[in-house]
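Written out below as structure tokens is the structure these notes cover.
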Amino acid sequence: MDDGGSPGRLLIIGGAEDRCCGAGLLERFVELSGGDEARIVLVTTATNMPEEVLADYERVFRKLGVDQISELRLRGRSDADGDDTAELLADATGVFFSGGDQAKLRTLVGSRANDIVSDRLTEGLVVAGTSAGATAMGRTMILGGAGPGVSAAAVRTGPGLGLIPKALIDMHFGERGRLPRLLSAVALDPEHLGIGLDENTGVLVEGNSFEVIGTGVATVVDAEDATVVHAAGDFDPITLFGVRLHLLPAGCLFDFDARTPTIGPAHDRY
């Protein structure tokens, strides 16, 4: 999907979503994917505990009425380009990327699997990702980084799946104090919006806007019109003037084209 395209329907989750009661964000994903007629593919590539993750999500999805659940555990580029993977993704109504280590998802970037998911977004496929699976949605994904300051050394990035145009996603945002990391990423690429998602919080992207759902806040960092002065060294602080910061709790909307938030209608559920 190119940067000007419609990102389709994506549910991007900041991690640690409620799985105990089978409600909230995962319930919305199942509903969008077809309810009890959903055919869900769970991509466990990012996790080091695929059996446990599969069992956990299978339990929740089955409780929500889904019978057709398949695991996609890609061990390398050949798997991502293979016919079995293509067949599985071509039949899915919902694809869910688990958390873990987002660096492992680089094996999908630019692959046949990546192309199929991107193409099928415009055909009604629903794609969700949590934690590592969330940051991989952007054309650029955050691979790591930490520290209290805003600098080039405070963030590491790499190519992402390109499912959402011109946006950088960070997760576990408020819980792990990641505003400096997101500011650093946006300062290095001001054309991209930065979206930081708290735990058990997501953005539902449809067309060129998103709605915030869940129990926390989505933080949007917009440096498109900011003044950015890069430091001489990677560990030296970056100068930023005029950055726009938006805090969006559940029900708020954001327009990618206008780069503006609005307060949406009240919701009695996630």
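The values are calculated or read from the model by the stated rules, or taken from the named source; none is laboratory data. Given the structure is predicted, the values throughout are model-derived calculations rather than measurements. Cβ coordinates were reconstructed from backbone atoms using ideal geometry, including for glycine residues, and neighbour counts include every protein chain displayed. What goes into the accessible areas is simple: the full protein's heavy atoms, side chains included, and nothing from ligands, DNA or RNA. Shrake-Rupley method; radii C 1.70, N 1.55, O 1.52, S 1.80 Å.
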Exercise. Are there any pairs, at least 6 apart or on different chains, whose C-beta atoms fall under 8 Å, with the first in segment 46-62 and touching a residue at least 12 places away in the same chain (Cβ under 8 Å) and the second part of a helix (DSSP H, G or I) and open to solvent by 60 Å² or more (accessible area, probe 1.4 Å), and if so, which?
Worked result: 46/104
Problem set entry | Of all residues in segment 18-47 being more than 19 Å from the chain's Cα centre (by Cα) and outside any helix (DSSP H, G or I), the one that is surrounded by the fewest Cβ atoms within 10 Å (Cβ to Cβ) | 20
Exercise. Does residue 199 meet the test of being part of a loop (DSSP other than H, G, I, E, B) and farther than 21 Å from residue 254 by Cα?
Worked result: no
Problem set entry | Checklist (1) part of a loop (DSSP other than H, G, I, E, B); (2) more than 19 Å from residue 152 (Cα to Cα); (3) of a type outside the set (A, V, I, L, M, F, W, C); (4) open to solvent by 50 Å² or more (accessible area, probe 1.4 Å) applied to residue 262, failing item | (1)
Problem set entry | Search result, residues across segment 69-94 that are more than 23 Å from residue 34 (Cα to Cα) and among the polar types (S, T, N, Q) | 78
For this session: Counting only residues that are surrounded by 17 or more Cβ atoms within 10 Å (Cβ to Cβ) and either touching a residue at least 40 places away in the same chain (Cβ under 8 Å) or touching a Phe, Trp or Tyr at 6+ places or on another chain (Cβ under 6 Å) (or both), give me the helices (runs of 4 or more DSSP H) lying completely in segment 74-192 with at least 1 of them.
Result: 83-91, 112-121, 132-135, 179-188
Seminar exercise, completed: Of (1) touching a residue at least 24 places away in the same chain (Cβ under 8 Å); (2) in contact with a Gly (Cβ under 7 Å, 6 or more places away or on another chain), residue 225 satisfies every one except (1)
Exercise. Mind checking which residues of segment 202-228 are open to solvent by less than 30 Å² (accessible area, probe 1.4 Å), assigned to a loop (DSSP other than H, G, I, E, B) and in contact with an Asp or Glu (Cβ under 9 Å, 6 or more places away or on another chain)?
Worked result: 216, 223
